[in-house]
Every structure is written in C-alpha cells, then in structure tokens.
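Taking it in order: structure first as structure tokens, then the write-up.
Nothing in this text is a laboratory measurement; each read-out follows from the coordinates by a stated rule. Since this is a predicted model, take the numbers as computed values, not measurements. So basically every Cβ, Gly included, is an ideal-geometry build from the backbone, and we count neighbours across all protein chains shown.
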C-alpha cells in the first residue's frame, strides 16, 4: 500500500492558494513573503517528518509548491530559474523539501539525545560511544549514532534508520551542542549553505 495519490492531492491543495494569490495588489516583497508563508509554507511544515525516506518522485509535488511560492514572492516569469531566486531569499523557510525533512529529523534526534522526548523515541537511538568495544573509535567522540541494518525496504523509512545518517553528516561541534536554540540556528545555516553551495559548484 502506498499514499502517492494522497501526496499528490495535498500538493494541489497547498498550491492552490499560491495560484490564487492576488500578487498585483502587493508591491512590497516582504508583505507578499509573509502572506505566502502563512498560506503555503506553513502547510508544507505540517507533519513533514512522515515524508522521510520517500523517493524524489513522490516529493516532487511538494517541491513544485515551493517553487511556485518563490515565483509568487519574487514575481518571476515561467522561464526564470528558481534556484538562484531561492538563494536570494536567504531564509531557511525556502529550503528544498528534502532538506526540510532532514531538519525535522535532526532536530528530533537532538532533542532525543537531550532527554526531551518520550523514551520510546530516545530508545531508538544508540550512540557509538555507548557500544562496548567501539567507545575508543574516533566516531564515538563525534556524537555519531549507530546506523541500524534493515532487511526490508520499508524498514529504511524507520526513524532510527533514516534519521541516523543525516545526523552523522552534521559537523561534530553541532552534534555536541546542548542548547536547542543554538542547534536550530546552526542547523538551518548548515543546510541552507550545503544546498546552495552545491548548486554554485554544479
């Protein structure tokens, strides 16, 4: 069983406010951005963690919503490139859908390691430093997690499986932060820079 039709329908429902937004009455970009954030981006934020592990083809409708929102804010033409425009906005709210999912997963891991989540969530995560015989490894001092192995494809979408690689890719100093506010800020900057620096090198 899959939920691709539901994802497509949700993408259409979120996109509709963008298409119907009377941009001609808003001359200030900041006002338009706030309107789009309230009508569109807030919908993309809802339960985005459940999209973790889905193929790019399933996430595509949500990415098109984000592109349409950027076109509305910046008054772009259909032939204009969207990626440079998103970089120009320079706000974490304009992260691609895949990175928005990574943000949610990494934040949940951070809170779990600090004991700010229920035990049934934190029990899914195992630090390398807590594994006998591996505590002397270099990765144990980096705040890395053990990546669980799965035999079925659906198991790859489990929180402990999908979130662990995203967490392990973060800089060591970020993983060792104890302040959630600082972690949020640094994670947003890290994801934003990693996305658009990659586009600059392509």
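So how far apart, in nm, are the two label points at residue 79 and residue 147 if each is 7 Å from Cα heading toward Cβ?
4.4
Mind ordering 162-171, 110-119 by average Cβ neighbours within 10 Å, highest first?
162-171, 110-119
Can you compute the modelled spin-label distance between residue 176 and residue 121, with each label point 7 Å from Cα toward Cβ, in nm?
Simple spin-label model gives 2.5 nm for this pair.
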